[in-house]
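Just so it is clear, none of the values below were taken in a lab; they were calculated from the coordinates. The structure presented is a predicted model; accordingly, all values stated were derived computationally and were not measured. For neighbour counting, all protein chains shown are included, and Cβ atoms are generated from backbone atoms with ideal geometry for every residue, glycine included.
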Amino acid sequence: MYLLIEVAGYIDALPTIGLVMLTAVIGVGLLKRQGLQTLTRGTQKMNRGQMPVQEVAEGLLLAVAGALLITPGFVTDGIGFFILFPPTRLVVAQLLLSRVQVQGFQGGFQGGGQHDDRSASGTPESQQPTQTLEGEYQRKDD
């Protein structure tokens, strides 16, 4: 906020408001383009049977960048554009993913193949902790 007031003191209020609005419009346009590219890459990975972990992380970062870009202020716009820039977003996403354990499933429905009683983590299902689901049911006789 301080920087916004200082800039307004130098170039006046209306040009400052116009500049903030211009950065928001440019940012949203770039955000749309980057978001579609990330979505396309994620869809392609899913079609190949891979988990789009990198793309999900980048999508979350793009959401943060979008929120920062529409928030008035030059500092928030700077951080938003920093995240929006693909090389820096890739580095930030990789840093985030290095701190997160990603698990997924393999297989799904297999027709006619052998059943492997291993979970996605590679350990046998008999060693996996059991999960209890609570609920109510009502039996209806024919």
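The fraction of Cα-Cα pairs per 5 angstrom bin, counted from 0 for segment 2-101, comes to 2, 13, 21, 19, 15, 10, 8, 5, 3, 2, 1, 0 percent, rounded to whole percents. Working from Cα pairs under 8 Å separated by at least six residues, relative contact order for segment 2-101 is 28 percent. Other residues with beta-carbon under 14 Å from the beta-carbon of Met51 carry, at +1 per Lys or Arg and -1 per Asp or Glu, a net charge of +1. The fewest-to-most ranking of Val91, Val20 by surrounding Cβ atoms within 10 Å reads Val91, Val20.
Each of Val100, Leu84, Leu3 was placed along the dipole of segment 2-101 (beta-carbon charges, centred on the mean Cα), and the one lying farthest toward the positive end is Val100. Here is the list for segment 4-100: trypsin sites (Lys or Arg not before Pro) lying in DSSP coil, each with at most 11 other C-beta atoms within 10 angstrom of its C-beta, are Arg48, Arg99.
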